[in-house]
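A short worksheet on the structure shown next.
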Amino acid sequence: MLTTTLRVLAIGVLVLFPLSIAPIWGQVAVTTWHYDNARSGANPNETILTPENVNSETFGPLFTQPVDGEVIGQALYLPQVAIPGAGVHNVVYIATMHDSVYAFDADNASGSNASPLWHTSFLIDGAITIPIATQGCGGTTAWKEVGIVSTPVIDPVAGTLYVVAKTLEHSKFVHRLHALNVATGREQPGSPIVIAASYTVDGKTYVFADKMQVNRPGLLLNNGYLYIAFGSNGCRSGLEEGWVVSYDAATLEPAGVFDDEPGESAAAVWMRGGGLAADSEGNIYGATADGPFAVGMDFGQSVFKLSQVGSELQLADWFTPFNEYYLDHHDLDMSEPVLILPTQSGPFPDLAAAVGKEGTIYILNRNNMGHFCSTCTRKDTQIVQELTTIAPEGGALVYWNNIIYTSPTGFPISALSLTNGVVSPTPLAQSRKVDGGHSPVISANGNTAGILWQLTGGALSAFNATTLDRLYFKPIPDIPHFANEVVANGKVYVGTNSSLVVFGLL
C-alpha cells in the first residue's frame, strides 16, 4: 500500500553496502536508533567533527529539505547507494507523521539534489493519517496527526528499510509493517503486512487494539527478527496496553507476542521513542510507563527482558522498583530505553542501565535482574547499584569511553565513570544547567574528540564530552516533541515539524 515517486525509474538496483567497504570511503552507516542495538548512543567513527572545529564560526546549518509532516524518529544514513538512473549517493532517510518516507542526498540540496531521491507515501486508496483530535492526547505532544512515529531500521545486507505506519482507512485504524527497497522506496516481496496480535493468559485472550496503540519506540532488528513495541497515544487514557511483537525479517511472518499488562492499561512501552535494546545473546530489553503492577503478571514502571524461542517471545526476567506505587501515582514512569553496557570486570560482568522520570539510575545484572523487593523501604537492595535522583525528567542514558552520560531537564548534564561494573555517583564532569527534553548522542574518533549533541530548549547544542563545556548553540525553529538528532560522517541531521535540517562544517 504505497505510492512512490522516483527521480528516474530504471530496471536493476545496486546497493553498495558500507559495512564491507567502509575502509575505502571512510564512511559508516547508521541503520538503527542510537547507532547500535545496545543503544549506546555513540558513533565512535566520526573523523570530521571535533571539539576544535565545532563552534559558531566554522560549524552551522548547511541546507534544509522540506517534508510533508512532523519528523519524530531519528534519521538513518547509508553511504554509496546506487539510485536507479540517478547515480551513487550518500543517502539520509526520513519518515514523517504524514505517513511518508523520504530518501535525500545526505551531502547537499543543490541542483538535482534539491528534490528527493525518492519519496514513498502510504496514503492511498482513501487512507489518511490519524487526526490528533481522533487519536487524542494532543495537549501532551502538540502533534497535529499520527502516522509514522518511530525510527525505522535498515538491513543493509538485504537493502531493506523497515517502517511501521498507522493509518485511518474507512473508519478503521490500521498498523502496517512496510519493507522498502533502500534504493527505490518500493515495497519488497511480501510487503506490507497488517500488524495484528493476541495474547492468552489464564485461559483468556487479549487482542491488540489499533486505535489506542502507537508505535513510538524505534524498531529493533536482531538475529533475523524485527521487534516492534507499542504503547499509549501520548497520555494515560485507560484503554491502551504495552505490547511487543516479533516478525521474521525475511518472511514478515509473526514470531511472537508479549503483552506487559493483559486486561489492564497504561503500562505503555514508549521509552521517549528510544528503541528496544538487545544484548549479544539476543535477549530483548524494554521499559514500561505508568500502570498497575502485579508480581509476574502486570509490569507497570518496570524493566523487562524477553527471549526469542522459536516463534515465541518469552518473558525471561524483569525488575520493578520498590516504590512502584509512588512512581505510578506521580507519573514517574520508566520513561527511557534500556542501555546495555559492555562486559565488565568484577562480580557482575553483564549489566544494563535504566532510568525513569524520577531520575534514579538502576544498574541491573542482566543475568538476575532482581524482580521486586517487597521489603525494601528506601532503595532497591537486590540489584547491583541504585543512584537516586541523578537525572530527573531526562532523556536516554548514553555510553562512551567508560562513561555514562545523563541528560536531565533543568539540571546539569553529568558524566559518570563506570569502572569494574561500578558507577561513580560523583560526576567526572558536569555542564551548566540545561533545558532538556531530547535524548543526546555522542560522536567521537575512537576514544578521542568526543562531542555530546543534544536538542536543548529548542536548539542544537554541542558539548565537549570530556569537560561538558558547551561548544555550540543554535536555535532551530519548529522542533517537534520528542525530536531526535544524529551525527554521521561530518554532518548532523535534525528533523523538525516540516523539514530536515542538516548541519556541518561551513
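Readers should treat all values here as calculations from the given coordinates under stated rules, not as data from a laboratory. What you see is a predicted model; the values in this text were computed from it and never measured. Here Cβ is always computed from backbone atoms with ideal geometry, including for glycine, and neighbour counts include all displayed protein chains.
Tabulated values for the structure
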| quantity | calculated |
| --- | --- |
| Using a Förster distance of 45 Å, the FRET efficiency for Thr467-Ser307 (Cβ separation, nearest 0.05) | 0.65 |
| Mean Cβ count within 10 Å, highest first, over the residues of peptides 184-191, 423-430, 347-354 | 347-354, 184-191, 423-430 |
| Rounded if a/c under 1.5, otherwise prolate or oblate - the chain, Cα gyration tensor axes | oblate |
| Pairwise FRET efficiency - His481 versus Asp248, Cβ, R0 = 30 Å, nearest 0.05 | 0.35 |
| Positive dipole terminus of the range 3-505, leading residue within Pro44, Gln301, Pro254 (C-beta point charges) | Pro44 |
| Length released on extending from Glu52 to Ala209, taking residue separation times 0.36 nm less the Cα-Cα span | 51.4 nm |
| Cα shape, the range 253-406, gyration tensor, a/c 1.5 rule | rounded |
| Efficiency of FRET between Tyr326 and His170 - r from beta-carbon atoms, R0 45 angstrom, step 0.05 | 0.50 |
| Alpha-carbon centroids, the range 413-467 and the range 117-191: separation in whole Å | 33 |
| Label-point separation in nm, His371 to Thr134, each point 7 Å along Cα→Cβ | 4.5 |
| Theoretical ellipticity at 222 nm over the chain - DSSP helices of four or more residues, -39500 (n - 2.57) apiece, nearest 500 | -1000 deg cm²/dmol |
| Net lengthening on full extension, Asn420/Ala196 (0.36 nm per residue, minus Cα-Cα) | 76.3 nm |
| Separation of the Thr389 and Thr64 label points, Cα + 7 Å toward Cβ, nm | 4.1 |
| Exceeding the 29 Å Cα-Cα cut-off - candidates Lys204/Lys305; Lys305/Lys379; Lys204/Lys379; Lys305/Lys357; Lys211/Lys379 | Lys204/Lys379; Lys211/Lys379 |
